[in-house]
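Here is the structure we will look at, set down as structure tokens.
Throughout, read-outs are computed from the coordinates displayed, never taken from laboratory work. Predicted model only: the values in this text are computed from it and were never measured. Cβ coordinates were reconstructed from backbone atoms using ideal geometry, including for glycine residues, and neighbour counts include every protein chain displayed.
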């Protein structure tokens, strides 16, 4: 094998991210600095991280129309992975903006934080590109291990550590199934390449059990029911910027990777896996929505909401058509804006006591509109969008997903999803009601300080949620052009 | 190409409203007003440019569609954000932005004081202009839309702006009530609009693939008889929508109350532009109407009867703005009459002249209100022409134009409609002509009662002051229009017979929009006779008012006595509000009370039951979330087993 014969171009964005991660990490051991300077250095590292993310995004956009397959067919860089990269990089950039001020309140380990974040980004990006089981597993582990640590990053807080441990143990359990599934598939076909697996699969017990176990791993990462148990605890315990990032990035990468597996490696008949996914989707959205109804913590509510949202997105996979993929990608963008926006607002509502579980509870949001009308309006926009109220991005995302389902003959699933949307409106609107219609009490009358970086993140998210809705037609169409090129 | 920049016409008011919404309260009166005015001024320039671009098109092209962006594109059905610039919409945007600009300029001065005549605080001043720019934006969306869905967006948008502006003095219960009433009554009409759009989607959505005017009208050509029959239903729903927005029978009751809003609002929204949206929408839908003759007849009769009814009510009103409100309803009735008899050009022509003289009248009334510290009762005025000579002159010009005084703008456009009615139906013509008599009478009655004779309230009279300069010249501009705007629509027949160099300009301009429809034409002698008779009728009305209120001749008093049995009906506005209360509001309230008390158990039981079951499920599921790791792992493991079983045995 000759290194120069490899098409490094196809991995350029990922390489930039890895390089940035190393640069950020190295600065941790260079020189000694005072406490004050540490914060300044943290900001400098955030800027370096943002630059790395921007460069990677720029490279991705430049490559948009160039599909490439290389490293002996282990990675596939195409429209799917490019759009996934953009979602992940967007989520990461918004998370960095959130962490800008947030992080300094409980840690000085800035370089570790940002380099782990970048490693997780790289893992997600590789995951979306991998067309070979070992590549897939390694990328999955890179992103998982980085996220386990990030979840427990607030060492002063018991909940954070507990969340991290739970996530890690269950994640390890799920990884076991993936390895087991990959081993079965290898045993069946003698290869770890998707194309070979599709071609040589016996279709017998080994194949089917292998796929089932592989699906378990993905379902765990997507937080599909019943593999979702870790999600509320991990999302609530993790530092909010991390929650915002992983709730979008992990799901996006796992959904896209699963789509790739289903379309290029699975030899089981469409009905078999589509029905399994349809049941998963049904369970996921219903359990997520119903469990969210009585939550009193906004962060935990959003955790359940993101479980339900994953259920909606699975519909795109169930449809398994161009329209389904297009709708899922559109929804991923919409979800990135509205979900991270919502978490950003929630992070501002958290109390300042860093040793306790600093929850953004409903009570903290009481009468927010009369205190900080703009913040309340922003959070309301995210809630409306998540609930699927026109003309926001979330509405069109759902519209396209449901249309794709009906188009592919899954009318009942679309109906279930619509009923779920109705249920979800209850808890999303409850947040709005608390903010707009209840009077602030003594404890919530103070004005929250809002750092400029968070304002920037929220403004970007609001614009995204608005513009993706108003310009739904052109955005959806441009996704379509790229996706149609994908072979089915 | 100018049309590539057509979106600018929407962008300017959007920027204006955003600026004032975010910074208006900080920048002070002057900047807020300048920004809002500039936004409309630039929009107006754009409208002029678009109209000029349209006139420069080669002969066989008469309309341009500008795609802003494809909005919804799903399952073969498409809703675009696209503008349709054609002769009809160009007239509308010129009226909306032109009259809108003059009224904005007037408002900059007028709104410096609030309803209590105290200086207005900057926050509310900026908010006023936010709403006004919002209105302009939405009205332009409405008239420029190339499809029914976008039109509906604008339709609801102007309704919102109207609600916000009627209730601008929301701390006054009467204003808050009026805003609510306008909103609720309009809901009935909007409901019709929504149903009409859904029905059209059902009829044409599949084959046309969109609800753009072009696609729907093109689909009509191949429509089956069943579809054509259904059009009567669709157009009746559109008519319902139009009666709501344009304040016609049966939904006119909100407009008189809407006068609770500031005077510029009454001038812009409730006289010159928004209320004409119904007329515009019907004229725009004329291919549908042409296939539904029954609806056409109904439109004509609704228009004629509304004109007559509202004019008769206006005669006994004593509130200056309410007189004008009923007059607006009456004039809109004329426009409906015109649409109903197929005289679309005449209707649009009247819409355009009416915008000038009615805006003029409302702004002049606002000026009187300013002068008298909010007093609007004409019984308390009298003799104001000595104190307010400028306002008097302006109001008089407006009133004469409204009265159809020969050669002023209202004369030409009203006659064009009457001509259309004459060709179609003599009873409708008679109603129209009689209404013209009433119109002349009540217009001049307002003038004589307010401006002539002796002051009836010395205190008010002594404190009256003439309008400030910032309000004067927009009024003169409108007065100029009130006098001369009609010259654009001189009857074509005059050109032929008298050798005028120009014919009916507005008819020539609008011809492409109403392609294939012949405007009513009659013999020259008949047309002359109609012109002379309606001029004569106007003069009689004016003389009657003069005899009654200035000379106070004995015979007018006995005439009044003879007609006095009618008075209670008129003063109580034919008890329509009371009838609505008896027939709709009170039964609804009773029903609500029944549901609130009698049926509460059942309905609440069902509703709360569903909610309770769902939330109980929520509690149950949340309880599964024990926090115990081994329990979580068990759940995961169960999932694995189930998936394995499914995959292996499926």
For this session: Please work out the C-alpha center-to-center distance from segment A:398-443 to segment B:29-98 and express it in whole Å.
Result: 36
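Once fully extended, how much extra length lies between residue B:122 and residue B:3, figured as 0.36 nm per residue of separation less the alpha-carbon to alpha-carbon distance? Working shown, then result.
Values: separation 119, 0.36 × 119 = 42.84 nm, distance 3.74 nm.
Result for the pair: 39.1 nm of gain on full extension.
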Problem set entry | Extended-chain gain in nm, criterion 0.36 nm per residue less alpha-carbon gap, residue B:222 and residue B:426 | 69.9 nm
Seminar exercise, completed: Listing B:265, A:431 by rising number of other beta-carbon atoms within 10 angstrom, fewest first, gives A:431, B:265
Seminar exercise, completed: Exposure-ranked with fewest Cβ neighbours within 10 Å first, B:429, A:335, A:427 stand as B:429, A:427, A:335
Exercise. If all Cα-Cα distances of segment A:282-488 are sorted into 10 Å bins from 0 onward, what percent lands in each bin, rounded to whole numbers?
Worked result: 9, 35, 33, 16, 6, 1
Exercise. Given the C-alpha centroids of segment B:134-179 and segment A:319-342, what is the distance between them in whole angstrom?
Worked result: 34
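For segment A:101-169, just say rounded, prolate or oblate: build the C-alpha gyration tensor, square-root its eigenvalues into a ≥ b ≥ c, call rounded for a/c under 1.5, and beyond that prolate if a/b exceeds b/c, oblate if not.
Numbers: a/c = 4.02, a/b = 1.80, b/c = 2.23.
Because a/c hits 1.5 or more and a/b fails to exceed b/c, segment A:101-169 counts as oblate.
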Problem set entry | Cα long-axis angle, helix B:524-546 against chain B (0 to 90 degrees, to the nearest 10) | 80
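When Cβ neighbours within 10 Å are restricted to other protein chains, what is their mean count per residue of peptide B:626-634? Mind showing how you got there, number by number?
Numbers: counts 1, 5, 2, 9, 1, 1, 11, 7, 2.
Per residue, the average neighbour count from other chains is 4.
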Exercise. Across peptide A:209-217, what mean number of C-beta atoms from other chains lies inside 10 Å of a residue's C-beta?
Worked result: 4
Seminar exercise, completed: By the Cα gyration tensor axes a ≥ b ≥ c (a/c under 1.5 gives rounded; else a/b larger than b/c gives prolate, otherwise oblate), the shape of the protein assembly as shown is prolate
Seminar exercise, completed: Label model pair residue A:134, residue A:156: point-to-point distance (7 angstrom along the Cα→beta-carbon line) in nm is 4.5
Exercise. What is the distance in Å between the Cα centres of segment B:204-228 and segment A:358-379?
Worked result: 49
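So how do B:646, B:152 line up by other beta-carbon neighbours within 10 Å, fewest first? Present the calculation step by step, with values, prior to reporting the outcome.
Details: B:646 17, B:152 21.
Least crowded to most crowded, the residues run B:646, B:152.
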Exercise. Quick one: helix B:225-245 against the long Cα principal axis of chain B, what's the angle to the nearest 10°, folded into 0 to 90?
Worked result: 70
Exercise. In degrees from 0 to 90, rounded to the nearest 10, what is the angle of the helix B:320-340 Cα long axis to the longest principal axis of chain B?
Worked result: 80
Seminar exercise, completed: Looks like chain A, by Cα gyration tensor root eigenvalues a ≥ b ≥ c and the a/c under 1.5 rounded cutoff (else prolate when a/b is bigger than b/c, oblate otherwise), is oblate
Exercise. Where in segment A:100-118 does the label zone of residue A:456 land, with the point 7 angstrom along Cα→C-beta and an amide N cut-off under 12 Å?
Worked result: A:100-101
Exercise. Residue B:630 to residue B:67: extension gain in nm, 0.36 nm per residue of separation minus the Cα-Cα distance?
Worked result: 196.8 nm
For this session: Just tell me how shielded B:64-76 is by partners: mean number of partner chain Cβ atoms within 10 Å of each residue's Cβ, no decimals.
Result: 4
